Amino acid sequence: MASIFDLSRHISQLKREKKYNEALEFFKENKSDFTNEQISKNEYLISDMVACLRYTSHYDAGFKFLSIYDIEINSETNERILNSYGWLLWSKYKSENSNVNDSENENDYFEEDEETLDNSNFHYDKNELIQRIEILIPILLSINNDYSKTLTSNLFSLVLKSEKKKPTPNWKLINEFCNNFNPENLSTECSTIQVERKGKLKDMELASDMENWFAYKTKSLLKIGEWQECFDTSKKALETIESFHYSNDVWFARRIALAKKNLGNTEETIDELQTILRKKKEWFIQKELSELYFEKEDFEKAFKYSIDAITNFGPIEFKVDLLYLLGRIHKNKSESELAFKHFSLSKLIREKEEWKVPQKLFDELNQFEQQAITVSEINKLKSDLNKYWNSFKPKQKNPSKSNPNIQNGEVVKIMHDNERGKDGFLKCDGTEYYFSLSANYHLTPKISIGSKVGFKILSAENGKKEQTRIIKLNE
C-alpha cells in the first residue's frame, strides 16, 4: 500500500500539471487507505487539495474539506494552509460578488462523510465571508512575507472594490472593514499594468494599498457622516502619501472642505472648494458651492454655480439633486414656472430610472397649481430647460483680430475615435461643420464633446464637402 507521502506527492504532481480534476479523483479513490488524522497532519496534501478545489470552482467543497479534517484557522495554523485558505476565501468572495455559481455538485468528493457533517452549512454568505477574511488578515499580517502580503493586498482590494462598484455601496461595511487595517502596515509600492488606449498599450501606475486605504476610508467616513474623523483622516492622507493617483489629492482636499462645512466652518469650506475647483472643474463641486451660497442666502452666487454645474459635463441622470436645488433657487427668486419645471424634471428622471422620489420633492410640487408633467413629456422638458441653461453660457467671442480667418466653435459630436484619429462635427453660430484629426496631431487626444476650439474653414476641393481644420483649443 502506498504511503501518505506517496499520495501527497502524486496529488502535488497533478496540481503542478494543472490536472486538478484528476487530483481530486485520485484523492477520492485513495483516501480510505488513511485515517483523517494522517491526512490532516500532511500540510502539503491539505493545501494542495484546497487549491485544486479552488481551481475547479468547488469553493464550498473547499471549506467542507477543511472541516472534515479538523483544520482550524488561527495563528498556529501552518502558513501553507493559511495561504491556500486565504485564496479560497478570495475566490469565493469574488464568485459571490460576480453572481458566479459553484460548478457541479459540491458533495461529489465527500458523500460518504455526510453523517459526520450533519446540519453543517458550508455555503457562507457575504457577511460570513467578510468575517472570515477579517479573522485571517491579522494572522497574515503577522507572517510578514511577500506571499502573505500579496494575499492580504488582494483580499483588501477585492472586498473594497466589489462593494464600491455596487449601485448602493454599503459604506458602513467599507468603513468597518478598513478598521481591520493599520494603514502604516500596508504597502506603499505602486504596481504598473498595461492598458489599451486608442489601440495602443500604455503603462498605467496603480495606487498603493496605503493610498487606496485612505481613499476608501475617507469616502466611507464622508458618506456615513463621521465629519471629525473624515477631516482628521483626510488631512493625514495629504501629509502621509508622497505621490497621488486618480487625483486623490484633490478628493482628500474636497473631503476636508466638506467635513469643515458639516462642522460649521462654512466660509473656510467655500474658500477651499473654490481652490479645488480651479484644479478640478467637476460639476458636483460647483453644486456644493451653490448649496453653500444658498445656505448663506447669497442667491445670485448660488444660481451662478448651479448653472455652471448643470451645463458642465456629466449625465443629467446624476444631477437630480442639482435639479431640486435649481428648483429651490428659482422658487426663491419668485420664478414659479422655472421652479416647477426643475422640480418636475428631478421627479420624472427618478421615476423613469425607478428610483425613490423623496417626500420633499412631492411637497414642493404640491404647492403648484400647474398640471403635472408626465414621463412621456420628459424629452421636451429636457430640451426646454437645456435651451434655458445654455442661454447663460458666455457667448462666443468674435473671430480673432490677429487672424480673422480663425473662428470659434464647440465640438458637438464625435463619430469615430480610434487608432486613425477622430472625426465629427463642431458648431459655430448655429451651423455645424465636419472636422477630421489624425492620430498624430497634437490636439487630437484633447478633443472631446464640449471642447471649445478655434478653427479655419477649408475650401471645398475636388467635389468634397466643406471641412474645417482645428487650430487651437480654447480654455
Exercise. Of the residues GLU288, GLU297, GLU272, GLU267, which single one is surrounded by fewer than 15 Cβ atoms within 10 Å (Cβ to Cβ) and either modelled with pLDDT of 95 or more or outside any loop (DSSP other than H, G, I, E, B) (or both)?
Worked result: GLU267
Exercise. Out of curiosity, is SER40 in contact (Cβ under 8 Å) with a residue 60 or more places away in the chain, open to solvent by 10 Å² or more (accessible area, probe 1.4 Å) and more than 33 Å from the chain's Cα centre (by Cα)?
Worked result: no
Exercise. Do the conditions hold for GLU211, that is, is it acidic (Asp, Glu), open to solvent by 20 Å² or more (accessible area, probe 1.4 Å), in contact with a helix residue (DSSP H, G or I) (Cβ under 9 Å, 6 or more places away or on another chain) and modelled with pLDDT of 85 or more?
Worked result: no
Exercise. Does at least one position in the range 143-163 carry a residue that is crowded, with 18+ Cβ neighbours inside 10 Å and in a loop (DSSP other than H, G, I, E, B)?
Worked result: no
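If I ask for residues that are over 33 Å from the mean Cα position of the chain (by Cα) and either within 30 Å of GLY327 (Cβ to Cβ) or modelled with pLDDT of 80 or more (or both), which ones from the range 393-429 would you list?
PRO394, LYS395, GLN396, ILE406, GLN407, ASN408, GLY409, LYS427, CYS428 - these are the residues of the range 393-429 that are over 33 Å from the mean Cα position of the chain (by Cα) and either within 30 Å of GLY327 (Cβ to Cβ) or modelled with pLDDT of 80 or more (or both).
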For this session: Evaluate the range 168-190: report whether one residue or more is farther than 23 Å from LYS236 by Cβ and loosely packed, with under 12 Cβ neighbours inside 10 Å.
Result: yes
Problem set entry | Pair list, Cβ < 7 Å and 6+ apart or interchain, from the range 372-389 residues that are closer than 10 Å to LEU348 by Cβ to residues that are assigned to a helix (DSSP H, G or I) and of a type in the set (D, E, K, R) | VAL375/GLU351; VAL375/LYS352; ILE378/LYS352; LEU381/LYS341
For this session: Determine whether ILE135 is assigned to a helix (DSSP H, G or I), modelled with pLDDT of 85 or more, touching a Ser or Thr at 6+ places or on another chain (Cβ under 8 Å) and not charged (D, E, K, R).
Result: no
Seminar exercise, completed: Being in a helix (DSSP H, G or I) and either within 16 Å of GLU288 (Cα to Cα) or open to solvent by less than 70 Å² (accessible area, probe 1.4 Å) (or both) narrows ILE349, ILE373 down to just ILE349
Exercise. Cβ-Cβ below 6 Å, separation at least six or inter-chain, first residue in the range 57-70 and closer than 19 Å to LYS94 by Cβ and small (Gly, Ala, Ser), second open to solvent by less than 10 Å² (accessible area, probe 1.4 Å) and modelled with pLDDT of 90 or more: which pairs?
Worked result: ALA61/LEU53; GLY62/VAL50; GLY62/LEU53; GLY62/LEU88
Problem set entry | Extreme residue, nearest to GLY199 (Cα to Cα), among residues of the range 405-422 that are without any contact (Cβ under 8 Å) to a residue 40 or more places away in the chain and surrounded by fewer than 16 Cβ atoms within 10 Å (Cβ to Cβ) | ARG420
Exercise. Quick one: LYS319 ticks every box in (1) buried (at least 21 other Cβ atoms within 10 Å of the Cβ); (2) in contact with a helix residue (DSSP H, G or I) (Cβ under 6 Å, 6 or more places away or on another chain) bar one, so which box is it?
Worked result: (2)
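The values are calculated or read from the model by the stated rules, or taken from the named source; none is laboratory data. Model, not experiment: these values are computed from the prediction. Using ideal geometry, Cβ is built from the backbone for each residue, glycine included, and neighbour counts are taken over all protein chains shown. Heads up: the accessible areas ignore ligands, DNA and RNA and are worked out on the full protein's heavy atoms, side chains in. Shrake-Rupley method; radii C 1.70, N 1.55, O 1.52, S 1.80 Å.
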